[in-house]
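Reading through the structure tokens given below for one structure.
The values are calculated or read from the model by the stated rules, or taken from the named source; none is laboratory data. None of the values given here were measured: they were computed from a predicted structure. In this analysis, Cβ positions are derived from the backbone assuming ideal geometry, glycine residues included, and neighbour counts consider all displayed protein chains. Just the protein is used for accessible areas: all its heavy atoms, side chains included, with ligands, DNA and RNA removed. Shrake-Rupley method; radii C 1.70, N 1.55, O 1.52, S 1.80 Å.
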Amino acid sequence: CVFLPPHTVTSPCKILKCNSEFWAATSGSHHLGTEEAPEFCTALRAYAHCTRRTARTCRGDLAYHSAVHGIDDLMVQHNCSKDGPTSQPRLRTLPPGDSQERSDSPEICHYEKSFHKHSAAPNYTHCGLFGDPHLRTFTDTFQTCKVQGAWPLIDNNYLNVQVTNTPVLPGSTATATSKLTIIFKSFQECVDQKVYQAEMDELPAAFADGSKNGGDKHGANSLKITEKVSGQHIEIQAKYIGTTIVVRQVGRYLTFAVRMPEEVVNAVEDRDSQGLYLCLRGCPLNQQIDFQTIRSAQATEGRARRKGPSLPAPPEAFTYETATAKCREKLPVEDLYFQSCVFDLLTTGDVNFMLAAYYAFEDVKMLHSNKDKLHLYERTRDLAPGNTAPSGTPHTLWVALLCLSQCWLCLL
């Protein structure tokens, strides 16, 4: 049968309703290619009639046009006449028992199953935030950012994700994620609106209302929370939008990672509002940390500190050598995750930031659809138009990190 992936929730186009009715009418004993072909053709004609009723409001909607072409193909495959009776969709009954225990969801509430078997598989993307904080965007751009306070990571038609970053040490410019809020918007017959909130030392294994799935709708189990490690690691599966979210607490701070189809990533009504959508657009330029600037700034700051009163030292003082040795214990490949680990140990002195980088990369290995792009090596700040990255970027980074380590020595 023909099912299309979800699209804009508030669209007047009712193609999802047509898809759902066709699924209800052809589920159970009505299989393609069996003696039930006449009833299948009846349901298919009803499907075509439904798409015609919503045609005016679906102009330019790719899901609508895909459905129309899919119906024509199935009409030919099953020798269905376009003239004849149409069926009324059969109502599905909810399985008995508490909604938390329902095992089956309507097919429209399973993103991958909603694709026609001849359609191209969806293209998945990944975004992650960890450490001081370091951001990997849906386009595999890697940035180190300031972003103190509350910032939106994701903001589309299906969910919102907001993080709050706070200073790691008093008076420090190093920040890390101390609070995370995820809002899953109510969607069709699949899920009610659900809110998930995590803070330092509080990583719940349930939504804010105490539930662990999408509520009382037919497709409640297309949204579920699973606790992997108590108080340290939870996973949220949102099958109705093909999305997996991993939230961890490492030390005192939180990490975030998501796998999401491109179609869902780009499902926004107001594209002008995407400017602060960090996972898609990255951090604003004035919030990105340029290691070349840090090198000179930290050197100047270090000289000033040697002449002035001493400041509190970090919990554990790392030199460049000890930081790199520590990071190699968990991150043997010297990519940007390794470099982030070194940077965080030098700026915070907290060994938990090494574990945050390690788990962030473990999540990439699990969630990223392109295994050839797991490691990243490019520079961590976007360049202004017309500029090019210098060929010595990795070396520049290491020099900057070395300067940082020397500055921490000045604090001792």
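Here are a few things to note about the model shown:
- With a requirement of 3 or more residues that are open to solvent by less than 10 Å² (accessible area, probe 1.4 Å) and modelled with pLDDT of 95 or more, the strands (runs of 3 or more DSSP E) lying completely within the stretch 156-230 that satisfy it span 175-184.
- Contact map, the stretch 351-374: first residue in contact (Cβ under 8 Å) with a residue 60 or more places away in the chain and over 17 Å from Ala176 (Cβ atoms), second residue in a loop (DSSP other than H, G, I, E, B) and not charged (D, E, K, R), Cβ cut-off under 7 Å, separation 6 or more or different chains; pairs are Val364/Leu374; His368/Leu374.
- Selection count where residues are in a loop (DSSP other than H, G, I, E, B) and at pLDDT 90 or above, scope the stretch 133-155: 6
- Sole exception among (1) modelled with pLDDT of 90 or more; (2) surrounded by fewer than 20 Cβ atoms within 10 Å (Cβ to Cβ); (3) not hydrophobic (A, V, I, L, M, F, W, C); (4) not in a helix (DSSP H, G or I) for Asp350, by number: (2)
- For the stretch 42-56, residues that are in a helix (DSSP H, G or I) and β-branched (Val, Ile, Thr) total 2.
- Output for the stretch 218-271, where each listed residue is touching a residue at least 40 places away in the same chain (Cβ under 8 Å), charged (D, E, K, R) and farther than 27 Å from Thr175 by Cα: Lys239, Glu262, Glu263, Glu269
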